[in-house]
Amino acid sequence: MNRIGNVLKMHQRDKFAWLIIPFMILGSSFVINLIIGFLSGVGIYTGGLMSIFIYMFVLGIIVLPQTFPFAISFSVRRTDYYAGTVLHALISGGFTAIILLLLSAIEKATNFWGTGLHFFHLPFLTDGNIVQQFIFNFLTLVLLFFWGFAIGSVFRKFRAIGLFVLTLACLLATTIMMVLIISKDWWDEIANWFMDLTAFGLSLWFLPIILIFAIVSFALIRRSTV
């Protein structure tokens, strides 16, 4: 547990990557959209909130090459590195999800910043109660981190050739899936399924995907060289 704690401390020291950059990106997007809202004088809905979710995906990709060799050089076991990194990602995701909830509440309380700007409080994403909104934000952030972490793990183990093969496999799988959907005429069923989903219900489908990414990244990290 002490070694996992050391990995946690290693990540906590990098406040720039885990805390400052994501909220700088989110804040700059918000300010730009707020200015547009003031100038336009009409209510606008923006997807600027996605910036922090996209950053979590990018962070999942870059955290491994930035910290794995350093941690291993200090005799940290790969299992402990993985556990500490995942734990820190979960803590970071929970903290970020809470901040997004608070900003959504402030946005609604201020009548959307007095400009009609819907940046944090968006239809569909905020339709559920506060617990459901937190779970959606948290699981989405965790999903994107693990997705990026799995990609980083593939590169760590197999380098560029591994990413190339993975990309081809994903393209092939997507093509086969699209052919099946078109040939079976499943468009209406898929559309109806999505229309019946709430944001909270959708986030629950993320759980098995997160588990798959977690298992893949763990297996690859255990066999990765420095």
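None of the figures in this text is laboratory data; all of them are computed from the coordinates on show. Predicted model, so just to flag it, every value in this text is computed and none were measured. All Cβ positions, glycine included, derive from the backbone under ideal geometry; neighbour counts span all protein chains shown.
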request  = Please give every one of the lysines within straight-line cross-link reach of residue 15, meaning a C-alpha to C-alpha distance under 29 Å, and leave out same-chain neighbours fewer than 8 residues apart.
outcome  = 157
remark   = Quick calc: nm separation of the 7 Å Cα→Cβ label points for residue 196 and residue 32 -> 3.9 nm
query = What list of ³J(HN,Hα) values in whole Hz, one per residue of segment 4-21 in order, does the Karplus curve 6.51 cos²θ - 1.76 cosθ + 1.60 (θ = phi - 60°) give from phi, with Gly and Pro shown as x?
reply = 5, x, 5, 5, 4, 4, 4, 5, 5, 5, 8, 5, 4, 6, 8, 10, 6, 4
Cα-based shape type of the chain, given that a ≥ b ≥ c are square roots of the gyration tensor eigenvalues and the cut on a/c is 1.5 = oblate
ask   = Across all directions of projection, what mean area in square nanometres is found for the Cα convex hull of segment 75-191?
value = 11.5 nm²
Phi to ³J(HN,Hα) by Karplus 6.51 cos²θ - 1.76 cosθ + 1.60 over segment 214-222, Hz, x for Gly, Pro = 5, 5, 4, 5, 5, 4, 6, 5, 4
query = Residues in segment 194-226 near a label at residue 167, defined as backbone nitrogen under 12 Å from the 7 Å Cα→Cβ point?
reply = none
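Using 1/(1 + (r/R0)^6) with R0 = 30 angstrom and r between the beta carbons of residue 179 and residue 216, what's the FRET efficiency to the nearest 0.05? Present the calculation step by step, with values, prior to reporting the outcome.
Working: r = 26 Å, r/R0 = 0.85.
Calculated transfer efficiency: 0.70.
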remark   = Stretched fully, the stretch from residue 223 through residue 109 gains (0.36 nm per residue minus C-alpha distance, one decimal, in nm) 36.0 nm
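How would you rank 179-189, 95-105, highest first, on the average number of other Cβ atoms within 10 Å across their residues? Before the final figure, lay out each step's value.
Working: 179-189: 10.0, 95-105: 17.3.
Descending packing order for the listed peptides: 95-105, 179-189.
Rank by packing, highest mean first: peptides 129-136, 72-79, with packing defined as the count of other Cβ atoms within 10 Å averaged across residues. Each step should come with its number before you reach the end.
On the way: 129-136: 16.1, 72-79: 13.4.
The densest-packed peptide leads the list: 129-136, 72-79.
Tell me whether segment 1-84 comes out rounded, prolate or oblate; compute the Cα gyration tensor, take square roots of the eigenvalues as a ≥ b ≥ c, and use a/c under 1.5 as the rounded threshold.
Values: a/c = 4.15, a/b = 3.63, b/c = 1.15.
Because a/c hits 1.5 or more and a/b exceeds b/c, segment 1-84 counts as prolate.
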remark   = Counting sequence-distant residues (5 or more places) and residues on other chains, those with an amide H built under 5 Å from that of residue 117 are 44
task = Determine the gain in length on full extension of the stretch residue 99-residue 157; use 0.36 nm per residue of separation and subtract their C-alpha separation, reporting nm with one decimal.
result = 17.4 nm
